[in-house]
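Below: one structure, written as structure tokens.
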Amino acid sequence: MEFTRKNRQLLSRIATNDRHGENSPYFDGWKAYDSNPFHPIHNPDGVIQMGLAENPLCFDLIEKWIRENPDASICTAEGLDKFKDIAIYQDYHGLREFREAVAKFMGRVGGNRVTFDPNRIVMSGGATGANETAIFCLADPGDAFLVPSPYYAGFARDLRWRTGVEIVPVHCKSLNNFRITRAALEEAYEKAQRSNINIKGVIITNPSNPLGTVLDKETLRSLVSFVTDKKIHLVSDEIYAATVFSSPRFISVAEVMQDMDCNRDLIHIVYSLSKDMGFPGFRVGIVYSFNDDVTNCARKMSSFGLVSSQTQFLLASMLSDDEFVGNFLRESSKRLAKRHHVFTKGLEEVGISTIKSNAGLFFWMDMRPLLKEQTTKAETELWRVIINKVKLNVSPGSSFLCSEPGWFRVCFANMDDKTVEVALDRIREFVLQGKEENNHEADKSQARAQRWRKQNLRLSFSSSRLYDESLMSPHMISPHSPIPHSPLVRART
């Protein structure tokens, strides 16, 4: 202990603080999976990973494209002639072909209603790096951002850990499906002002992580108006834009602001290929700002988290293939819709509901009926049972700063069909077992009540003291006796 204390004194505040957020159930669930991962043959009783938002459902399409386009990689015989040009130092602006392809892809995902400028595409190491880069450009240590809750559990790390910035939750409610309202924003902003907290902006995820819902045009316009009125920033994390699998469609903040009288310098977008294409390992994150100063600053910072030139070269070719991109987006939407339906329908059959959703790689599951009491403590107890006994890593709502206990995020795209069935079987068995136990307890309570009534009935007829007027008249009978509640007694008095 003494060594640890002295050792910590030699390190920085970042190295020794606990702002990373790794001590939350969100990351604890991952650790539980890592220590006992499910395998259908080698470890069929292991933990199934349902806390990781990965999207490998269309890897077969990507693998087919790579086999048919070997010259897209500098590590093949067909692409070797490009090796020298790509392997040397590159300008931190990134390959022109890559920036053009990403800008075009972002526009296509939004229905080509917005044209994105390749010169504003700034690279970063995944969405994690892109979000942090945006915060470094917009705020100083001690400043804060409003973030509607429930929000992505990793924001504690991405937004706070190294920047020194704080998060002020904007609590949304299940009564309106956790919709972001102007009233909730105003309340959180005013409360922060009274506490002398300097609010620098609002951060949203659209589509929402963890809800799996898209923001409508009215809500987006309200957000743009709010930040314009307050003269603060809006960062829109749109990394799930291409995961929408049913209506309503995805609407980018860039589309909404086109016909609004707003300060464009306050609007910034974070994008990535980790979810839409299923490439988290490629670490492709994008900062797209309408503010020239932010774009220039972010580009300088990108030196600390560039996308490798080999990855840029491959993706520039892939995303420029219009036929492939169109087929991929259509097929991805179909497969996500099918998987989402299988899971939510299976839960519905055992009485578990979810927030109606149409995007993302997850859904927001309502487990409130299974809580012993409506508290965060009870939610944590239920989560421990699900992790340790049911062996499913689902993430509790408290990890996402949800103000209502009993909600859980369930990821559905990161497993094969057979594992889906195993997971659903485990959930069904757990829920049905819980219902049987509740019914058993209800039966026991009913039996106890019946015995109590019989005992009191026997007492009422066997005790002549109740009718001995010399001892107690009807007006003097105890209020706890069953006799005064008789209609005959009431009629007589």
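Miscellaneous remarks
- As a rough guide to protection, the peptides 214-223, 357-366, 310-319 ranked by mean Cβ packing within 10 Å, highest first, stand as 357-366, 310-319, 214-223.
- Mean Cβ neighbour count within 10 Å, used as a protection proxy, ranking 60-66, 404-410, 186-192 highest first: 404-410, 186-192, 60-66
- For the peptides 422-432, 83-93, residues were scored by their other Cβ atoms within 10 Å and the scores averaged per peptide; the highest-first order is 422-432, 83-93.
- Using distinct alpha-carbon pairs, which all enter the 1/r mean, Kirkwood radius of the range 186-310 in Å: 15.9 Å
- Each part gets one Cα centre, and for the range 32-91 versus the range 158-220 those centres are 34 Å apart.
- Note on residue 82: aspartates and glutamates with a C-alpha under 12 Å away, same-chain residues under 8 apart excluded, are 71.
- Element breakdown for the chain at a 1.4 angstrom probe: carbon and sulfur atoms account for 52% of the accessible area.
- Taking every DSSP beta bridge that has both ends in the range 72-321, the antiparallel portion is near 35%.
- Set of aspartates and glutamates with alpha-carbon distance to residue 104 below 16 Å, sequence-local pairs under 8 removed: 117, 238, 255, 276, 321, 322, 323
- Computed from backbone phi with θ = phi - 60° and the Karplus coefficients 6.51, -1.76 and 1.60, the 3J(HN,Hα) list for the range 160-172 is 10, 4, 8, 7, x, 7, 9, 10, 10, x, 9, 6, 9 Hz; x is used for glycine and proline.
- Database remark: amide H of residue 360 closer than 5 angstrom to the amide H of 243, 244 (H placed geometrically; neighbours at sequence offset of 5 or more, or on other chains; Pro and chain starts carry no H).
- The GluC sites (Glu not before Pro) of the range 323-427 meeting both criteria, a DSSP state outside H, G, I, E and B (loop) and at most 12 other C-beta atoms within 10 angstrom of the site's C-beta, are 349, 373.
- Distant alpha-carbon pairs in the range 71-112 (separation over 12 angstrom), percent: 69 percent
- Cα Rg, Dmax, the chain, angstrom units: 29.0, 115
- Close amide H pairs (under 5 Å, H built 1.01 Å from N) link residue 353 with 366, residues at least 5 positions away or on another chain.
- The range 388-400 - phi-based ³J(HN,Hα) in whole Hz, Karplus 6.51/-1.76/1.60, Gly and Pro as x: 8, 10, 6, 6, 10, 8, 10, 9, x, x, 4, 5, 9
- Within the chain, helix-based [θ] at 222 nm, where runs of 4 or more DSSP H residues each add -39,500 (n - 2.57), nearest 500: -13000 deg cm²/dmol
- Near residue 289, the amide H atoms lying under 5 Å from its own belong to 269; only residues 5 or more places off or on other chains count, and H is placed 1.01 Å from N.
- Two-decimal ratio, the range 51-143, of alpha-carbon radius of gyration to 2.2 N^0.38 Å: 1.39
- Within the chain, DSSP assigns beta bridges of which about 50% are antiparallel (rounded to the nearest 5).
- Measuring r between the beta carbons of residue 35 and residue 247 and using R0 = 56 Å, the FRET efficiency lands at 0.85.
- Sequence-ordered 3J(HN,Hα) estimates for the range 113-118 from the Karplus curve with 6.51, -1.76 and 1.60 and θ = phi - 60° stand at 8, 9, 9, 8, 8, x Hz, glycine and proline given as x.
The values are calculated or read from the model by the stated rules, or taken from the named source; none is laboratory data. Just so you know, these numbers come straight off a predicted model, no measurement behind them. Neighbour counts run over all protein chains shown; Cβ positions are idealised from the backbone, glycine included. Remember, those area values only see protein heavy atoms, side chains included, never the ligands or the DNA or RNA. Shrake-Rupley method; radii C 1.70, N 1.55, O 1.52, S 1.80 Å.
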